[in-house]
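Before any comments, here is the structure.
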Amino acid sequence: SHPPLCPPGIKCGGVLSAPSGNFSSPNFPGLYPYETECTWLIVVAEGSSVLLSFSHFELEYHDACAYDYLQVYNGAARDRGNLLGTFCGHRPPPPFSSAWHVMAVVFRSDRHVAKHGFAAAYRKDACGGQLTGLSGEITSPRYPESYPNDAECRWSIGGASGGGPLTLVFADFQMEGGQGCGFDYVALFDGPTVTAPRLGRYCGSARPPRTISSTPHLLIIFKSDFNIGGRGFKAHFYSAGECQEVFTTIKGNFSSPQYPNFYPNNLKCQWSIQLPLGYRIKVFFLDLELEGRSSLTGGCDYDHLSAFDGGTENGSLLGQWCGRESLAPVTSRSNRLLLVLHTDRNTAKRGFSISYVGVVPMNVSCTRTDFHIQIPVQSLAQLERNRIYLGTPSCAAQVIGRNFKIHTRFDTCGTESQRRNNTSVIVSTLYIDFSVGDQEDIHQYEVQCEPKRKEASVTLIAGPDPSRLSQAENLVDAQQQEGEAMDMREIKSQDTSDIVFISICILAGLLMVIAVVGLVLL
């Protein structure tokens, strides 16, 4: 028998606000109608969570669930950042635990092939469940009030597409103590079941250490006995890979989770760039589209990307961005930089794409006739001296003491004279070749001298994206000088051209004085 087309008056979807309840596809356990769309919004008391489970599930199958499907949202429906999963076929979705007090379920059927549909149940404040996001928060039942006796909760974290190892951090922890944690405890397992290796078992009032799984799954079990409780615990988890990365290479790139598709909601992701001492880090924003500014405060109160100097959130804030903006590059003042993405419960966008390059520590100075360039060897420890050259490979650096040095006259090494802002300047290009095998990677810095003032500057002109040369910025002003100060006495001893020039001026002055005196006497 064929199912009917969905009649206009059929009961389908709605708001479910009781502490617990059941719902199912139209006509269940019969065949569901064609061309049906239903949305159930589950809303429980603020501060509570929702546990959703399926007792029966049978929808038309398709590889991408493009025909008939059921979608589960961690919050209001139709916000792609809240989507926990799309399901079809005969395999029921796992039990889902919401991150807050709202959960939505959407069922849709097309005009062909109907099945028996689904039956689901939900309840408020149930502990445990399946958590599949890239990041989230879990708490013991009734937290921060005392947890109940004889409780047992299991949270299975994992299964996010492209997810890496998981990190779990406890923000608060207070439970009944005891030798061997035999009464109340939290146990952590490196996998989806209790047969996986145990990562730890904790009780008492000492916060457990940060825990990192070796697989994309983590099982957390909370158990309390018949008496003596405590405040319980609050913990955050996040997935490595897309949401937690550390970079130590001289240049790199990364993007928000699922970019260029919409990022998930309820994220706190961190990207840490750590380069050798003396380096600074220049970040290029290739694309940025986050939820916009608050209309009330004008600030980035919802979703935002922040950059911190020094590698921790305690460091100085270099910038905080949201909305859709075209941003100028940002350069750190130290060799460590931390980027943090916060997203709230709704309104996801495309996210961001970023590239960065390490700014090599160097000192550039000039006389009226020469360039002097000095780079600490330890900054480029893996490079041969011929990988560092000015203008042409024949003008390679020399190793003198603990520094690479280039000392060259303006009439060599590809230097040229230009007029900039009505001033004559001498310009050349410093090449630092980081290439490995077939992977070409040559960084270019423009060195410039104004001979009249004997003022030199250096600018990174080609790093991660040569098309962005217009975004070059002067790198000398904030250059760290500690441990890298140029030996000025050495420069002065080499600066014979200035001594000759001054001597000629003095001699000419003396001859003029003698001539004037001679005329007066005559």
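Brief remarks on what is shown
- Index of the failed condition, Arg280 passing every other in (1) within 12 Å of Leu339 (Cα to Cα); (2) modelled with pLDDT under 95: (1)
- Within segment 218-239, being out of contact with any Leu (no Cβ under 7 Å at 6 or more places or on another chain), closer than 22 Å to Ala171 by Cβ and open to solvent by 20 Å² or more (accessible area, probe 1.4 Å) holds for Lys223, Gly229, Arg231, Lys234, His236.
- Residues that are touching a Phe, Trp or Tyr at 6+ places or on another chain (Cβ under 7 Å) and small (Gly, Ala, Ser) were ranked within segment 15-36; the one that is farthest from Ser53 (Cα to Cα) is Ser25.
- Within segment 300-335, the set of residues being of a type in the set (Gly, Ala, Ser) and either more than 27 Å from Ala77 (Cα to Cα) or modelled with pLDDT under 90 (or both) comprises Ser306, Ala307, Gly310, Gly311, Gly315, Ser316, Gly319, Ser326, Ala328, Ser332, Ser334.
- Residue tally, condition open to solvent by 10 Å² or more (accessible area, probe 1.4 Å) and outside any loop (DSSP other than H, G, I, E, B), over segment 263-276: 4
- Pick from segment 79-90, criterion touching a residue at least 40 places away in the same chain (Cβ under 8 Å) and open to solvent by less than 30 Å² (accessible area, probe 1.4 Å), ranking: nearest to Leu219 (Cα to Cα): Gly85
- A search for C-beta distances below 6 Å between a residue of segment 174-193 that is among the polar types (S, T, N, Q) and any residue that is part of a loop (DSSP other than H, G, I, E, B) and open to solvent by less than 20 Å² (accessible area, probe 1.4 Å), counting only pairs 6+ apart in sequence or on different chains, returns Gln174/Gly230.
- From the options Asp150, Asp172, residue that is among the acidic types (Asp, Glu), in a loop (DSSP other than H, G, I, E, B) and surrounded by fewer than 19 Cβ atoms within 10 Å (Cβ to Cβ): Asp150
Table: residues versus (1) open to solvent by 30 Å² or more (accessible area, probe 1.4 Å); (2) among the basic types (Lys, Arg); (3) in a strand (DSSP E or B).
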position: Val194; (1), (2), (3): yes, no, no
position: Ser214; (1), (2), (3): yes, no, no
position: Glu245; (1), (2), (3): yes, no, yes
position: Gly252; (1), (2), (3): no, no, yes
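- Residue count for segment 305-331 under the criterion of being open to solvent by 50 Å² or more (accessible area, probe 1.4 Å) and small (Gly, Ala, Ser): the result is 3.
- The number of residues in segment 40-78 being part of a loop (DSSP other than H, G, I, E, B), surrounded by 18 or more Cβ atoms within 10 Å (Cβ to Cβ) and either without any contact (Cβ under 8 Å) to a residue 40 or more places away in the chain or of a type outside the set (A, V, I, L, M, F, W, C) (or both) comes to 7.
- Test: residue in segment 371-378 that is surrounded by fewer than 21 Cβ atoms within 10 Å (Cβ to Cβ) and free of Cβ contacts under 8 Å to residues at least 60 places away in the same chain: yes
Residue-by-condition table, conditions (1) in the same structural domain as Phe254 (by the TED database); (2) open to solvent by 20 Å² or more (accessible area, probe 1.4 Å); (3) modelled with pLDDT under 90; (4) among the β-branched types (Val, Ile, Thr):
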residue	(1), (2), (3), (4)
Arg368	no, yes, no, no
Leu390	no, no, no, no
Cys395	no, yes, no, no
Asn403	no, yes, no, no
Arg409	no, yes, no, no
Tyr431	no, yes, no, no
Ile442	no, yes, no, yes
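- Every residue from segment 336-361 that is farther than 16 Å from Trp321 by Cβ, open to solvent by 10 Å² or more (accessible area, probe 1.4 Å) and modelled with pLDDT of 90 or more: Arg336
- Meets criteria (polar (S, T, N, Q), touching a Phe, Trp or Tyr at 6+ places or on another chain (Cβ under 9 Å) and under 21 Å from Asn22 (Cα atoms)) for Asn74: yes
The values are calculated or read from the model by the stated rules, or taken from the named source; none is laboratory data. The shown structure was predicted, so the numbers you read here are calculated from the model rather than taken from an experiment. So basically every Cβ, Gly included, is an ideal-geometry build from the backbone, and we count neighbours across all protein chains shown. Accessible surface areas use protein heavy atoms only, side chains included; no ligands, DNA or RNA. Shrake-Rupley method; radii C 1.70, N 1.55, O 1.52, S 1.80 Å.
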